[in-house]
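Novice: Got a structure for you, questions after.
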Amino acid sequence: MPDSTSLIADTIIRTVELGLTITGAAIDERHTWITCRPVEQDASCPACGMKGRLRDHRIRELVDLPVVGHPTRLRIRLPRFTCTNTACATKIFQQQLVCAKPKAKLTDRCTRWILQRLAIDRMSVAAISKSLDIGWDLVNQVALEQAWELIYADPTHLAGVRVLGVDEHKWKHRRGDGTPGFVTVIVDLTPNVDGTGPARLLDMVPGRSAEVLRRWLAAREKSFRDRVKVVSMDGFAGYHTATTEQLPKARKVMDPFHVVHLAADKLTMTRQRIQQDTCGHRGRSGDPLYGVRRILLTRMGLLTDKQKAKLDAVFADERHTAVDVTHWTYQDITAAYEHPDRRVGKRWMYKIMCRIRKDLPAGVQELGQLGRTMWKRRAEILAYFDTGASNGPVEAINGRLEHLRGIALGFRNLNHYILRSLIHSGQLQTRINAL
């Protein structure tokens, strides 16, 4: 029967959930040392199941959660037994713990704590290793091994995925080490489309090409490929080709962000060309078109009266007509996406594409390029209004991965980066808490 002091200590440190009870404690300059033993003695042989005879005790040390900000070590006194079954191959065995795997250096709840700090609090591995006073490599190894089990070894990881988002992501900015600088990011947009939660990162594949996405899709089970109904992507033809081959029944959606960005690029190119034609040089302070370069890319509903007057003054010059025409097309495209009734927005977008696809007057060649591109991809562009699938959450995850790289001060190992990214943005909190 533990005394009242041990009971209080067990309550504070919650050693009961580890199957242990505290028998003593000590501190040194760096650690809090907790001496403990199993609450119940189990003398059953793991091989034959017969009760063994107590032989001696061994001390096993484990890293546990910090106590009041100080690293903690458990010094567990474990009994060893001699098997009484003469026919059993196991002669001597040690009682196993319920709180840690054999040969593990950390308790299971400490492993869970590490993943929680990485996934929820966005802590760096260096900060976690300092809190536990263990090596960076050990923290990283434990996190990556557990992440692999939670993701790739979990048969339900891809369950329920109906809407995919695909995009490229630059994970490193240095050359010469033989690894691709880009990866293909694959995201589950189903929760976002259904309104049940945020999008989650499913996987990251080295490289960015049709073959990369084709191989990833081909490696998945047929039931998964049949379940995917919508794939949202940017204008990259390689992803479009791979999706068409591997998911012939899925509807492809060209993301609104990239359509608007394409229109904005054409508007900027038109402004720069007219700037050169009228002034003979690149934009400078005081040039009319250079002075409205940011206003041109702002939605009309967000402009102040002063900004609108500035635009009107610039467009009053007939030499700027091409910029005026391209600007209003850009504004029409953004307005079509913003319309609260998607059916109306879809009709509006279709009329815009019909208007700019051909028979445009001279001097608006960039607008003509935009019209031909949009008409070629009109099915994917209009599919957004029917499905509501957007790569916006994918871009958000890309931004969070940039933050992760900043926390870690960069990565050199691509496999480590992929698994850390999945911990960071894979919505694994529920599964981590259940460990």
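Novice: Could you list, in sequence order, the residues of region 138-195 that are under 15 Å from the mean Cα position of the chain (by Cα), closer than 14 Å to ARG227 by Cβ and buried (at least 21 other Cβ atoms within 10 Å of the Cβ)?
Specialist: Once the filter is applied, which keeps residues that are under 15 Å from the mean Cα position of the chain (by Cα), closer than 14 Å to ARG227 by Cβ and buried (at least 21 other Cβ atoms within 10 Å of the Cβ), region 138-195 yields LEU164, ASP188, LEU189, THR190.
Rundown of residues vs (1) of a type in the set (S, T, N, Q); (2) at pLDDT below 95, yes/no style:
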site	(1), (2)
GLN331	yes, no
TYR337	no, no
MET353	no, no
PRO361	no, yes
SER390	yes, yes
GLU395	no, yes
HIS403	no, yes
TYR417	no, yes
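Novice: Filter region 302-334 down to residues that are assigned to a helix (DSSP H, G or I) and polar (S, T, N, Q) and give me whichever is nearest to GLY345 (Cα to Cα).
Specialist: THR334
Novice: What helices (runs of 4 or more DSSP H) completely inside region 335-406 contain at least 3 residues that are over 21 Å from ALA322 (Cα atoms)?
Specialist: Correct list: 342-356, 378-387.
Novice: Something else: Counting only residues that are in contact (Cβ under 8 Å) with a residue 12 or more places away in the chain, over 9 Å from the mean Cα position of the chain (by Cα) and assigned to a helix (DSSP H, G or I), how many does region 421-430 have?
Specialist: 1
Novice: Got at least one residue in region 272-279 being free of Cβ contacts under 8 Å to residues at least 40 places away in the same chain and in contact with an Asp or Glu (Cβ under 7 Å, 6 or more places away or on another chain)?
Specialist: Checked against the condition, which is being free of Cβ contacts under 8 Å to residues at least 40 places away in the same chain and in contact with an Asp or Glu (Cβ under 7 Å, 6 or more places away or on another chain), region 272-279 yields at least one hit.
Novice: Any residue at all in region 293-309 that is hydroxyl-bearing (Ser, Thr, Tyr), under 41 Å from the mean Cα position of the chain (by Cα) and farther than 23 Å from ILE381 by Cα?
Specialist: Yes, the conditions are met somewhere in region 293-309.
Novice: Restricting the search to region 119-137, which residues are buried (at least 17 other Cβ atoms within 10 Å of the Cβ), aliphatic (A, V, I, L, M) and in a helix (DSSP H, G or I)?
Specialist: ALA119, VAL125, ILE128, LEU132
Novice: Are any of the residues in region 302-321 surrounded by 14 or more Cβ atoms within 10 Å (Cβ to Cβ), closer than 25 Å to TRP375 by Cα and in contact with a Ser or Thr (Cβ under 9 Å, 6 or more places away or on another chain)?
Specialist: no
Novice: If you don't mind, there's one more thing I want to ask. State yes or no: is SER223 surrounded by fewer than 19 Cβ atoms within 10 Å (Cβ to Cβ) and assigned to a helix (DSSP H, G or I)?
Specialist: Yes, satisfied.
Novice: In region 203-220, how many are buried (at least 20 other Cβ atoms within 10 Å of the Cβ), in contact with an Asp or Glu (Cβ under 8 Å, 6 or more places away or on another chain) and of a type in the set (A, V, I, L, M, F, W, C)?
Specialist: Residues in region 203-220 being buried (at least 20 other Cβ atoms within 10 Å of the Cβ), in contact with an Asp or Glu (Cβ under 8 Å, 6 or more places away or on another chain) and of a type in the set (A, V, I, L, M, F, W, C): 0 in total.
Novice: Hey, another quick one. Tell me which residues, restricted to region 226-262, are hydrophobic (A, V, I, L, M, F, W, C) and either within 15 Å of TYR384 (Cβ to Cβ) or assigned to a strand (DSSP E or B) (or both).
Specialist: The answer is VAL230, VAL231, MET233, ALA250, VAL253, MET254, PHE257, VAL259, VAL260, LEU262.
Novice: Output the number of residues of region 275-301 satisfying the condition of being outside any helix (DSSP H, G or I) and surrounded by 15 or more Cβ atoms within 10 Å (Cβ to Cβ).
Specialist: Here the count works out to 5.
The values are calculated or read from the model by the stated rules, or taken from the named source; none is laboratory data. Values in this document were obtained by computation on a predicted structure and should not be read as measured data. Ideal geometry is used to build each Cβ from the backbone, glycine not excepted, and the neighbour counts take in all protein chains shown.
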